[in-house]
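The next block holds one structure in the form of structure tokens; read it before the comments.
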Amino acid sequence: MAIDIKYAGPYAVLTLNRPDALNALQFTMIEALSYTLDQVAASDARALIVTGAGPKAFCAGADIKELMDRDLMAQRLGAQLGQRTFAKLAALRIPSVAVLHGYAFGGGLELAMACTFRIATIKARMGLPEIKLGLIPGYGGTQRLPRLVGEARATELVMSGRTVDAIEAERWGLVNRVVPEGEPEELGKTFMADFVGYSRCASLFAREAVARGMATTLDEGLDIEADLSTLAYQTADAAEGMRAFLQKRTPEFKDA
Ligand code: CAA
């Protein structure tokens, strides 16, 4: 199976495992990814780490061999499968991080952009090279990239197919952080350790407030924040967090 999943403590670790083809995404892999995300959603994991097997690539994009000679209907269904699956990843109730240790191109970068966070080693190279194939991104790249880096930079990357390195990607906000080289799973765990110790309720409300606010006006976003912060006050974890502060002890959150 080209999608591996394992659970380690609070983490689910998902690996694209097709290193001979730089983890290029076949449609069967996208279907397996979708199924695996359902399993992760039903698990006790508090964070998801997404990695690519092998030393060279996170993922070099959709499998170009499969994209050839398909009729319009099949192409559209393929794009919708990728979009639907990556939307499922983006909507997971736990945060996710893509660990980019090599190439992240086309569908590979689109997959990474559907994660909550991206971290990159100095060897990471990113881009949406579809234009070089006479194509444009089809798994969300034209929509998620401008939301991350702004319209001008996104249009530049989509129209030129240019590759950006880790330093430029961090400067643009495409990746959260450039991290020292290491084993991708461990890099992901180290990064996610900052997120897994809090109340899942507060974590979810925090992420939802930012994400829903970004999709609307400031006024509506402030309403969303008022509603979700009010909800947060109603949780037992909020009572515990504030009580623990006043009692000068570490809170014991129960995700309730
Ligand atoms: N699809 C299918 N096979 C791929 C692939 C892809 N996207 N990317 C790499 N491979 C395969 C190569 O064909 C090669 O296989 P063989 O050994 O059988 O020949 C193997 O992986 C190793 O690749 P290279 O020899 O090319 O490795 P390299 O180090 O010389 O180059 C690279 C690495 C620059 C990433 C280069 O492989 C490359 O440009 N890949 C294609 C990147 C790309 O265009 N991605 C976009 C795909 S379209 C898409 O994703 C559409 C969408 O929006 C959903």
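The values are calculated or read from the model by the stated rules, or taken from the named source; none is laboratory data. Every value quoted in this text rests on a predicted model; they were computed, and no experiment measured them. Positions of Cβ are backbone-derived with ideal geometry, glycine not excepted, and every protein chain shown enters the neighbour counts. Ligands, DNA and RNA are stripped out before the accessible areas are found, and what is left, the full protein with its side chains, is counted by its heavy atoms. Shrake-Rupley method; radii C 1.70, N 1.55, O 1.52, S 1.80 Å.
With the full set of protein chains in place, find how many percent of the accessible area of the chain is carbon and sulfur; take the probe as 1.4 Å.
Numbers: 7690 of 13390 Å².
With neighbouring chains kept in place, the figure for the chain is 57 percent.
Each of Lys248 and Ser43 was given a label point 7 Å from its Cα along the Cα-to-Cβ line. The distance between the two points is 4.1 nm.
If you take the Cα centroid of the range 7-40 and the Cα centroid of the range 165-193, the two points sit 19 Å apart. Overall shape: oblate for the range 173-234, with the ratio a/c of the largest to smallest alpha carbon gyration tensor axis at 1.5 or above and b/c at least equal to a/b. For the pair Ala256 and Gln234, label points projected 7 Å from Cα toward Cβ lie 1.6 nm apart. Give the range of the longest stretch in the chain that excludes all GluC sites (Glu not before Pro) found in loop regions by DSSP and having at most 13 other beta-carbon atoms within 10 Å. Maximal segment without exposed cleavage sites: 1-180. Computing FRET efficiency as 1/(1 + (r/R0)^6) for Leu218 and Ala87, where r is the C-beta to C-beta distance and R0 is 25 Å, gives about 0.50.
So, with +1 on the Cβ of K and R and -1 on the Cβ of D and E, and no other charges, what is the size of the charge dipole of the range 200-246 about its Cα centre, to the nearest 20 debye?
Numbers: 4 positive and 8 negative charges, 53 e Å.
In debye, rounded to 20, the range 200-246 gives about 260.
In this structure the chain gives 52 Å² per residue of accessible area when probed at 1.4 Å with all protein chains present.
With contacts taken as Cα pairs under 8 Å at a separation of at least 6 residues, the range 200-246 carries a relative contact order of 36 percent.
Which of rounded, prolate, oblate describes the range 3-192, given a ≥ b ≥ c as roots of the alpha-carbon gyration tensor eigenvalues and a/c under 1.5 marking rounded, otherwise prolate only if a/b is larger than b/c? Oblate is the answer for the range 3-192, as a/c is 1.5 or above yet b/c matches or exceeds a/b.
Tell me the relative contact order for the range 126-185 as a rounded percent, counting alpha carbon contacts under 8 Å between residues six or more apart. Write out the running numbers ahead of the final one.
Numbers: 55 pairs, mean separation 22.9, N = 60.
Averaging sequence separation for qualifying contacts and normalising by length gives 38 percent for the range 126-185.
For Gly61, the shell of other residues with beta-carbons less than 9 Å away shows a net charge of -3, using +1 for Lys and Arg and -1 for Asp and Glu. Using a 7 Å offset from the Cα along the Cα-to-Cβ direction at both Glu186 and Met159, what is the distance between the two label points in nm, to one decimal? Result: 4.4 nm between the two label points. The residues neighbouring Ile30, those whose beta-carbon lies less than 14 Å from its own, together hold a net charge of -2 under the Lys/Arg +1, Asp/Glu -1 convention. Decide, for the range 25-125, between rounded, prolate and oblate: order the square roots of the alpha carbon gyration tensor eigenvalues as a ≥ b ≥ c, take rounded if a/c falls under 1.5, and otherwise choose prolate if a/b is larger than b/c, else oblate. Oblate, since a/c reaches 1.5 and b/c is not below a/b.
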